[in-house]
Amino acid sequence: MIEQPKFKLYFLHPKFWLTWLGVLILYLISWLPYRLQLTLGKGLGRLFKRAMPRRVNIARRNLELCFPDKSGPEIEQLVTKNLENTGIAYFEIGIAWWWPSWRIKRKMHVHGVENLEQAQADGKGVLMLLFHFLSLEVHARLHGFVKPAVGLYRPHNNAVMEYLQTRGRGRSNKYMIQRRDVKAMLNALAAGEIAGYLPDQDYGRRRVEFVPFFSVPDASTTTGTTLFAKHPNCNVLVSRCIRRDDGSGYDLYYEPALQGFPSGDNKIDAERVNRLVEAAIKQAPDQYLWVHRRFKTRPLEDMPSYYD
């Protein structure tokens, strides 16, 4: 469990000055009107598309693999919109970490909270499956207003950013757990907590099954979902956060708890999780994190890369 961090004089070391400058700029931008931030974010995303060709190529390749029926122009249009949303996501960090509660609550539209309440009945812990949509930081902040949760996270290499992200992500929630601390996650579920978990990236070869994801037949998919779901005090449900195209805010969804999960078969469970991820992506494919090499790990090490 990660306690709320305290400020250290070490954070003022000159090696962090550029970090603080970037943070100050982001903080000041966060006070601009919301729709202006969306416009600036789209512009930043178009800049990303020119300045980050490797990431753009990864996004394009992922979309080609997942949606082979889409034409070249359709894929390119999705890439452009996705990079625009990536730019917006940068400014959403400031929104999630620093907006006062009254301001961000005005952008919040909740659906299905009764599903979350039912999943918590009788003191049950909830493994809440989250996916890597670009509004993930906002998702965490908004969820805390519904029912504060705990969450897994990867520590930041930069000490100042570690301080800021831990405080920002815990602003309306409870505490953070380092992503490799399985015991702490299980303890949280045993205590009846809502624990956020992201099962939709390529985490390598350890504790995975190679199962279909959209049109890719062998996506490395973690079995961690099954590991946590086996806890006797645990229900599992999906939560999604989609930014509205009209600039009126975010739709926060809680789906009914999964029935018959886990099934006793890791492969079947991994396939089911991927179907859940697919269903969420189909709602807003341009808002998903496509710049990650989702299919970098192949079943056999000597198999050709999808990205060559």
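Computed from the coordinates by the stated procedures, all read-outs in this text should not be read as laboratory data. Please read these numbers as outputs of a predicted model, since none were measured by experiment. Positions of Cβ are backbone-derived with ideal geometry, glycine not excepted, and every protein chain shown enters the neighbour counts.
Here is how the numbers come out for the structure above:
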{"read-out": "Helix-only mean residue ellipticity at 222 nm for the chain, each DSSP H run of n ≥ 4 adding -39500 (n - 2.57), per residue, nearest 500", "value": "-14000 deg cm²/dmol"}
{"read-out": "Gain upon complete extension [Arg275, Val110; 0.36 nm per residue less C-alpha separation]", "value": "57.1 nm"}
{"read-out": "Added length on full extension, which subtracts the Cα-Cα distance from 0.36 nm per residue, Arg50 to Arg103", "value": "15.8 nm"}
{"read-out": "Amide H within-cut-off set for Gly249, under 5 Å, with H built and near neighbours excluded", "value": "Arg244"}
{"read-out": "Set of lysines with alpha-carbon distance to Lys70 below 27 Å, sequence-local pairs under 8 removed", "value": "Lys42, Lys49, Lys81, Lys282, Lys296"}
{"read-out": "Proximal lysines relative to Lys6, as straight alpha-carbon distance under 21 Å, when same-chain residues fewer than 8 apart are discounted", "value": "Lys15, Lys174"}
{"read-out": "About the Cα centre, charge dipole magnitude for segment 1-61 (Lys/Arg +1, Asp/Glu -1 at Cβ), debye", "value": "520 debye"}
{"read-out": "Hydrodynamic radius (Kirkwood) for segment 151-197, which is based on Cα pairs only, to one decimal in Å", "value": "11.2 Å"}
{"read-out": "Cβ-based exposure ranking for Ile95, Ile29, in which fewest neighbours within 10 Å come first", "value": "Ile29, Ile95"}
{"read-out": "At R0 = 51 Å, FRET efficiency that the Cβ-Cβ distance of Glu76 and Asp265 yields, to 0.05", "value": "0.85"}
{"read-out": "Those aspartates and glutamates that a straight Cα-Cα span of less than 17 Å connects to Lys124, excepting residues fewer than 8 apart in one chain", "value": "Glu114, Glu193, Glu255"}
{"read-out": "Antiparallel DSSP beta bridges within the chain, percent to nearest 5", "value": "40 percent"}
{"read-out": "Of Ala121, Cys66, Met52, farthest towards positive along the dipole that unit charges on Lys, Arg, Asp, Glu beta carbons give segment 1-154", "value": "Met52"}
{"read-out": "Taking Met128, Met303 and counting other C-beta atoms within 10 Å, the order from fewest to most", "value": "Met303, Met128"}
{"read-out": "Unit Cα scatterers, Debye sum, segment 239-294: log10 I(q)/I(0) for q = 0.13, 0.20, 0.21, 0.26 Å⁻¹", "value": "-0.45, -0.88, -0.93, -1.13"}
{"read-out": "Signed unit charges on C-beta, dipole axis of the chain, positive-most listed residue Ala184, Pro217, Ser30", "value": "Ser30"}
{"read-out": "Chain lengthening between Asp181 and His156 when straightened (0.36 nm per residue, less Cα-Cα)", "value": "7.4 nm"}
{"read-out": "Dipole magnitude (debye, nearest 20) for the chain, charges at Cβ of Lys, Arg, Asp, Glu", "value": "1120 debye"}
{"read-out": "Of His109, His143, His13, the one that fluctuates the most in a GNM where the chain has Cα springs shorter than 10 Å", "value": "His13"}
{"read-out": "FRET efficiency, 1/(1 + (r/R0)^6) with R0 41 Å, evaluated for Lys6 and Ala121 via beta carbons", "value": "0.65"}
{"read-out": "Proxy reagent accessibility, fewest Cβ within 10 Å first, across Tyr163, Tyr288", "value": "Tyr163, Tyr288"}
{"read-out": "Three semi-axes of the equivalent ellipsoid, segment 76-128, Cα gyration tensor, whole Å, largest first", "value": "31, 18, 11"}
{"read-out": "About the Cα centre, charge dipole magnitude for segment 33-129 (Lys/Arg +1, Asp/Glu -1 at Cβ), debye", "value": "600 debye"}
{"read-out": "Cut-off under 5 Å, modelled amide H: who pairs with Val126 long-range", "value": "Glu193, Ile194, Ala195, Asn235"}
{"read-out": "Charge-dipole axis of the chain as Lys and Arg at +1 and Asp and Glu at -1 on Cβ define it, positive-most pick from Gln77, Pro304, Leu136", "value": "Leu136"}
